[in-house]
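All remarks here apply to the structure that follows.
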Amino acid sequence: MTNPSPVLELDGITKRFGALVANDNISLSLAKGEVIALLGENGAGKTTLMNILFGHYAADAGGVRVNGKLLPSGTPRAAIAAGVGMVHQHFTLAGNLTVLENIIIGAQSLWSASLKINAATARIREISATFGLPVDPAARVTDLSVGEQQRVEILKALFRDARILILDEPTAVLAQAEAEQLFRILRSMAEGGLSIIFISHKLHEVMSASDRVVVLRGGKVVAERKTADTTPAELAELMIGRAVSRPKRQAHAAGAPIVTARSLSVSQGGGMHLDSVDFDVAEGEILGIIGVSGNGQAMLGRVLSGLARADAGTITFQGQDISRITPRQAVRLGLGRIPEDRHAEGVVGDLALWENAVLERLPEISRWGFVSRALARERTAALISRFDIRGATPNTRTRLLSGGNMQKLILGRNITAKPRFLLANQPTRGLDEGAIAAIHSELLQARAEGAAILLITEDLDEAIGLSDRLQSIVKGRLSTPIPAEKADARVLGLMMAGVWTTAQQGAKHAT
Amino acid sequence: MQLERREDISLTALFIAPFAAIALALVLCTGLIAMAGVSPLTAYAEMLHGAFGSRLSITETFTRASPLILTGLAAAVAFRARLWNIGGEGQFYMGALVTAALGHSIVTALPLPLAWLVLAIAGMAAGAMMLLIPTILRLRFGVDEVVTTMLLNFVVILFIGLMVETVLKDSMAFGWPQSVPVASSLRLPNLVPRSRLHVGLILAVLVVLVVWLVQARTVFGTETRAAGLNPRAAAFAGVPLTTTLIKVAALSGGLAGLAGVIQVLGPMGYVTTTMSPGYGYAGIVVAMLAALHPLGVIAASLFVATVFVGADAMSRTTGVPSFIANVIMSVALLAMLTALLFTTYRVRR
C-alpha cells in the first residue's frame, strides 16, 4: 500500500522524557497525495511524534526522511526548508497584525530593503483560490473567527512552499460545519499533490477524512489500516486496547422540578451573554445543553456556579431564588458544580489533594478558624478510594494528577455531598475513553439517586447517551427541549444551527 | 534552549537554594573586594568577626535582625498572596512616627503593658493604612501596587522630615532633625545588660510563630495560599478574593509598622529620617531568601543582619567601603530569584 517513493518516512523514532517513553520505535511513511490520520488517546504520543517530525524536539533515536533525504534533528528551520509545514493546535499568530503580515513574518529575508507586499498579496490570493481557503489578507487576525485563523495557519505553511502538512488536532477548536469545511479543503489539497498528516482522537473524523489510519497507543504504533478496510469499532478497540463501552442510561420517571429558569438574562463582562433563557431540570433527570462552544455555555455555567449575577429573569432552586448567589452560598445550598476548565477553575494545582478536596467547604470543616486537617485528610482518603483516583495520596500535589483523575477528584468532592442539583460543564472534555466511562457512570448514578443534573457538553454522543432531554444553545438563547429519544443527527444539527422550529417539527415527524 | 516546568518541586532543592544563592553572592563579590585592594578572605573573616566576634557584636547583630524579621515577614505574607508590597520602608516609618507621636504624649498616662499594646496597635494600623490605600487602588482601578507602594516610601520619608522639623521637633537636640523622644518608662527592657538588644527580638520571633500557624493551619491561611496560587480556582471554590487581599494587606502593612514600633521603643527612642538602613527594602531580600516561609524569615534576617553589621566592622578595619553590604545583599537576591526559577523550571535544549 505504500508508494515506491514515499515523500516522508519516519524510521524508528524513539523519544524519552525521563522515565516516560513517549515514542517507542515508531516508523511510518507518507505517500504523495495521501491523507493519514494519526489516531490515539491523550498521552499516546501523537503530538510528541509530530513535534519530532517538525524539529521542535530532537529524537533520542531514529530519523526523519523527506524525499529520501535525512532531516537534521531538532531544527524547525530545516523542516520548513524541506517543505514540511505544521499547524499547531494552539495557533501561533500575532493578533494585532494583519493576515498578510502574519504570513510573511519570517518568510522574507531580514536584510531585504522592502517587504514585497504586492507580490506577497498576489501569491496569498493565488494560494487561497487554488485550495479554496478564502481569507482577506488585509484583515486583522483578532477580527477573524477561529476557523479563519486556522486557514491563516494553513496559508502560512503553504506560503512557505509546504508539500507536507501536519495538523495537530485541527478540529479541537472548530464547530462541526467548520470541521467539515476543513476536511474538504484538506481533500482538495491532497488532490493537488500535497501530503497530509492530521492528529485526532475522534473516530468519525478519521473515518470520513483519511486514506489511511495509524493507531498509536502508549507510544507505539499498534496498527495501520486503510480507512476503507476498517470500522470505527475496530479503531476504538485498537486505540484503547480493550473494549470499553460507555454506560447506558436506564429509563426512569423524572420527579418534580428542582431548578427552574425563566426569562433569565445575563449581560456582564466579555463573551457571549444569556438572552431570556428558559429551562427546567427535574429530580432524577439529566438535561443536556448542546451547542458549539462560545454560544453562552460559559455564562450559563458562571451563573449556576455563583460567579455571575442575572440581570433579568429568575432562576430558582427548590423554590429559592439563586440568581444572585455567591459560590459559597451555592455550595451551602447544596448545588454541585463541575467547572468547564478543571485546571483554571477546578483545582489549585500547587495545593495538596486534600486542600482541593475541602477548599469549597473550608468553613464547615474548621473550628475557631482552624482547618481540621485530620478530618480533611480522612475525607480525601475516602474520596480517593471511592472514586478510584489513581496514583495519589491526600498529600499529593494536585498538579501531578492526570486530567481524568483530576476530574474524578472534582466530581467526587461534589457527589459525596449528595447535591440535589449538579452542574456538569464539559465534564469529559479532553479525557480518554476509560475516564469518560467512569465519569458517565458516576453521573448516571447521581441521577438514579435523584439528583437533577444540567449537562453542558459539545460531545453529541455524550449528550444523547446521558440526557433525558436536550436543549441547544445558540448565541445566548436556548431552544425548547426535545426528548433524547427523538434526537438524531439531522435534528441536532438543525438545533445547533439555531433553526429550532424546523428541528421541532422534524422531531414531531420522527414520532 | 527553553524552560520547561518541572513536574514536582523538590523540597530539598528549595532548602538548598538560599544557601547556594548566598554562596554565589559571596563568591561574586570577591572581585569587588579585591578591587578595593583587600584580600577577600581577610575581608570575609573580618566581617564574620565583626558580626560575631564579641559580646557586643553578637548583640548588635541580633538587634539589627529584630526589625528585619518583621519587615521580612511583612513581605513574605504579601508575596504569598501575590500582593507586591514594595512599601515596607514607608510602612516601617509610619509605625515609628506614630509611636514617637503618641509615646511622648497621651500614652504616657497609661499603665505599662497597656501602653505598649496601644502603641503596637496604633503603629500597626498606621503601617497597614500605607498598604491598604495601594491595595484598594489596585482592586478598584487596577493601579499597579508595585509602583504605588514604592513611591509611597519617598512620600512617607519626606513627611517624617516635615514632622521632625516642625510639630514633633526635639528642641533639646541641638538642631538635629529628630523627634521628641518617647517617655523613658515606655522603652523596651534590654535582653542583655550593657547592649542594645531588647525584648523586641522575642516579640518578633513570637509573631513569626503566630503567622506561621495562621498560614499553615487556618481557613484564612489556606484561602490566602489558594488565592495567591490560582485566583480563578479560588474564586470558584468560594474564596472571597477581595476581602482576602484586604486582610493580607492589613497584616503585611501592620507587620512592617510593628517593626517601626519596636525600633523606636527599643534601640532608638526617637524618630529620624535616617533611622532605617533600608529595613523595608531588605525585608524583600529576607522574604525571598526565606522562599516566603515564615520560619525561613528568621534565618534569612540573621544572614542579612550579619552582612550589615559585619560590613560596617570590616570597612573600619580594612577600608573596603561598607556599601559592599548592599552589593552582597542585592546579588544574593538576584541569585535567589534565579535559583527559585530553576527549582520550578528546568532547562531543556
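Only residues that are more than 20 Å from the chain's Cα centre (by Cα) and in a strand (DSSP E or B) were counted across the stretch A:472-490, and they come to 4. Checking each residue in the stretch A:334-344 for being more than 7 Å from chain B (Cβ to nearest Cβ) and not β-branched (Val, Ile, Thr) picks out A:Gly334, A:Leu335, A:Gly336, A:Arg337, A:Glu340, A:Asp341, A:Arg342, A:His343.
Just give me the residues in the stretch A:477-491 being surrounded by fewer than 22 Cβ atoms within 10 Å (Cβ to Cβ) and either modelled with pLDDT of 85 or more or among the aliphatic types (A, V, I, L, M) (or both), in sequence order.
So in the stretch A:477-491, the residues surrounded by fewer than 22 Cβ atoms within 10 Å (Cβ to Cβ) come out as A:477, A:480-481, A:483-486, A:488-490.
Within the stretch A:477-491, A:Arg477, A:Thr480, A:Pro481, A:Pro483, A:Ala484, A:Ala489 qualify.
Candidates are the residues of the stretch B:310-349 that are away from every other protein chain (no Cβ under 14 Å) and among the charged types (D, E, K, R); the one that is surrounded by the fewest Cβ atoms within 10 Å (Cβ to Cβ) is B:Arg316. Among the criteria (1) free of Cβ contacts under 8 Å to residues at least 24 places away in the same chain; (2) exposed (fewer than 15 other Cβ atoms within 10 Å of the Cβ); (3) touching a strand residue (DSSP E or B) at 6+ places or on another chain (Cβ under 9 Å), the one A:His90 does not fulfil is (3).
So for the stretch A:44-52 (the condition being charged (D, E, K, R), in a helix (DSSP H, G or I) and closer than 26 Å to A:Ala228 by Cα), does at least one residue qualify? For the stretch A:44-52, residues charged (D, E, K, R), in a helix (DSSP H, G or I) and closer than 26 Å to A:Ala228 by Cα: present.
Taking the stretch A:156-204 as the range and being modelled with pLDDT of 90 or more and among the polar types (S, T, N, Q) as the test, only A:Ser195 passes.
How many of the residues making up the stretch A:188-199 are surrounded by fewer than 17 Cβ atoms within 10 Å (Cβ to Cβ) and either in a helix (DSSP H, G or I) or in contact with a His (Cβ under 9 Å, 6 or more places away or on another chain) (or both)? Quick ask: steps written out before the conclusion?
Just the residues of the stretch A:188-199 that are surrounded by fewer than 17 Cβ atoms within 10 Å (Cβ to Cβ), to begin with: A:188, A:191-193.
Okay, now just the ones that are also either in a helix (DSSP H, G or I) or in contact with a His (Cβ under 9 Å, 6 or more places away or on another chain) (or both), so A:188, A:191.
Number satisfying all stated conditions: 2.
Looking at the structure I just gave you, is B:Arg187 away from chain A (no Cβ under 14 Å) and either in contact with a strand residue (DSSP E or B) (Cβ under 7 Å, 6 or more places away or on another chain) or more than 25 Å from B:Gly87 (Cα to Cα) (or both)?
Values: away from chain A (no Cβ under 14 Å): yes; either in contact with a strand residue (DSSP E or B) (Cβ under 7 Å, 6 or more places away or on another chain) or more than 25 Å from B:Gly87 (Cα to Cα) (or both): yes.
Taking the combined requirement at face value, the residue satisfies it.
Residues in the stretch A:282-330 that are part of a strand (DSSP E or B) and surrounded by fewer than 18 Cβ atoms within 10 Å (Cβ to Cβ): 6 in all.
Regarding A:Gly218, is this residue closer than 21 Å to A:Val99 by Cβ, modelled with pLDDT under 85 and small (Gly, Ala, Ser)?
In short, no.
Considering the conditions (1) within 30 Å of B:Thr242 (Cβ to Cβ); (2) surrounded by 20 or more Cβ atoms within 10 Å (Cβ to Cβ), B:Ile160 is excluded by exactly one of them, (1). A:Val347 satisfies every condition listed in (1) of a type in the set (Val, Ile, Thr); (2) within 25 Å of B:Leu213 (Cβ to Cβ); (3) within 7 Å of chain B (Cβ to nearest Cβ) except (2). Look at the stretch A:215-226: where a residue is assigned by TED's automatic domain parsing to the domain that holds A:Thr48 and buried (at least 17 other Cβ atoms within 10 Å of the Cβ) and a partner is assigned to a strand (DSSP E or B) and of a type in the set (Ser, Thr, Tyr), sitting 6+ places away or on another chain with Cβ atoms under 8 Å, you get A:Val221/A:Ser27.
Residue pairs whose Cβ atoms lie under 8 Å apart, sitting 6 or more positions apart in sequence or on different chains, and linking a residue in the stretch B:286-300 that is at positive phi to a partner that is of a type in the set (D, E, K, R) and not in a loop (DSSP other than H, G, I, E, B), are B:Leu292/B:Arg80. Within the stretch B:12-25, residues that are surrounded by 13 or more Cβ atoms within 10 Å (Cβ to Cβ) sit with their Cβ atoms under 8 Å from residues that are among the β-branched types (Val, Ile, Thr), at 6+ positions apart or across chains, in these pairs: B:Ala13/B:Thr343; B:Leu14/B:Thr343; B:Ala17/B:Thr343; B:Ala21/B:Thr338; B:Leu24/B:Val331; B:Ala25/B:Ile328; B:Ala25/B:Val331. Looking at the stretch B:129-156 only, could you name the residues that are surrounded by fewer than 16 Cβ atoms within 10 Å (Cβ to Cβ) and not aliphatic (A, V, I, L, M)? The answer is B:Arg140, B:Phe141, B:Gly142, B:Asp144, B:Phe154.
Consider the stretch B:198-229 and keep the residues that are facing another protein chain (nearest Cβ under 7 Å) and surrounded by fewer than 23 Cβ atoms within 10 Å (Cβ to Cβ). The one that is farthest from A:Phe370 (Cα to Cα) is B:Leu229.
Hey, can you tell me all the residues within the stretch B:230-264 that are outside any loop (DSSP other than H, G, I, E, B), of a type in the set (Val, Ile, Thr) and either within 14 Å of another protein chain (Cβ to nearest Cβ) or surrounded by fewer than 24 Cβ atoms within 10 Å (Cβ to Cβ) (or both)? Passing the criteria: B:Thr242, B:Thr243, B:Thr244, B:Ile246. Screening B:Pro267 against (1) buried (at least 19 other Cβ atoms within 10 Å of the Cβ); (2) at pLDDT below 95; (3) more than 9 Å from every other protein chain (Cβ to nearest Cβ); (4) closer than 23 Å to B:Met130 by Cα leaves a single unmet condition, (4).
Name the residue that is nearest to the other protein chains (Cβ to nearest Cβ), counting only residues in the stretch A:363-397 that are of a type in the set (Val, Ile, Thr) and closer than 24 Å to A:Gln445 by Cβ.
Taking the stretch A:363-397 first, the residues of a type in the set (Val, Ile, Thr) are A:365, A:371, A:380, A:384, A:389, A:393, A:396.
Next, only the ones that are closer than 24 Å to A:Gln445 by Cβ stay: A:380, A:384, A:389.
On the way: A:Thr380: 14, A:Ile384: 18, A:Ile389: 17 Å.
Among them, the one singled out is A:Thr380.
Number of residues in the stretch A:366-415 that are touching a residue at least 40 places away in the same chain (Cβ under 8 Å), among the hydroxyl-bearing types (Ser, Thr, Tyr) and surrounded by 15 or more Cβ atoms within 10 Å (Cβ to Cβ) equals 3.
The values are calculated or read from the model by the stated rules, or taken from the named source; none is laboratory data. Note that this is a predicted model, so its numbers are computed, not measured. Neighbour counts run over all protein chains shown; Cβ positions are idealised from the backbone, glycine included.
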